[in-house]
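Structure record follows, encoded as structure tokens.
The values are calculated or read from the model by the stated rules, or taken from the named source; none is laboratory data. No experiment lies behind these values; they were computed from the predicted model shown. With ideal geometry, Cβ positions are generated from the backbone for all residues, glycine too; neighbour counts draw on all protein chains shown. These accessible areas exclude ligands, DNA and RNA; they are computed on the full protein's heavy atoms, side chains included. Shrake-Rupley method; radii C 1.70, N 1.55, O 1.52, S 1.80 Å.
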Amino acid sequence: MLSVYICVGSSCHLKGSYQIMKIFQDIIKEMHLEDKVELKASFCLGNCTKGVSIKVGEEVIGNVTPENAKEKFKEHILMRV
Ligand code: FES
């Protein structure tokens, strides 16, 4: 199971963490990845200037936006499952 942390710290929250959470949830459902990827909310990942931040394994990925969320998912999550 791959854990994906989505930052819901105040800075990322303002930039759309919950929208990204929703988009990721939809992709997981669509692709039937429920038993491969789990989404978790995280406190500040120390990368506020580049929010929204997510963490996959030990890697923190910044600049996730509702617009590029699908692309980021493919690039950083899909290739690990
Ligand atoms: S609030 Fe998200 S990295 Fe700080």
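Things worth noting here:
- Of all residue pairs spaced 6 or more apart or on separate chains, none has beta-carbon atoms under 6 Å together with a first member in region 53-68 that is closer than 18 Å to residue 36 by Cβ and of a type in the set (S, T, N, Q) and a second member that is at pLDDT below 95 and loosely packed, with under 14 Cβ neighbours inside 10 Å.
- In this entry, residue 52 is excluded by the filter for residues that are more than 9 Å from the ligand (Cβ to nearest atom) and surrounded by 14 or more Cβ atoms within 10 Å (Cβ to Cβ).
- Flag for residue 22 being at pLDDT 95 or above, away from the ligand (no atom under 11 Å from the Cβ), under 21 Å from residue 78 (Cα atoms) and assigned to a helix (DSSP H, G or I): yes
- Residues satisfying the stated conditions in region 39-49, i.e. farther than 15 Å from residue 24 by Cα and open to solvent by 60 Å² or more (accessible area, probe 1.4 Å): 43, 44, 46, 49
- Near pairs, Cβ below 7 angstrom, 6+ apart or cross-chain, from region 1-19 (hydrophobic (A, V, I, L, M, F, W, C)) to any residue that is part of a strand (DSSP E or B) and within 11 Å of the ligand (Cβ to nearest atom): 4/54; 6/41; 6/42; 6/54; 7/42; 7/54; 8/41; 8/42
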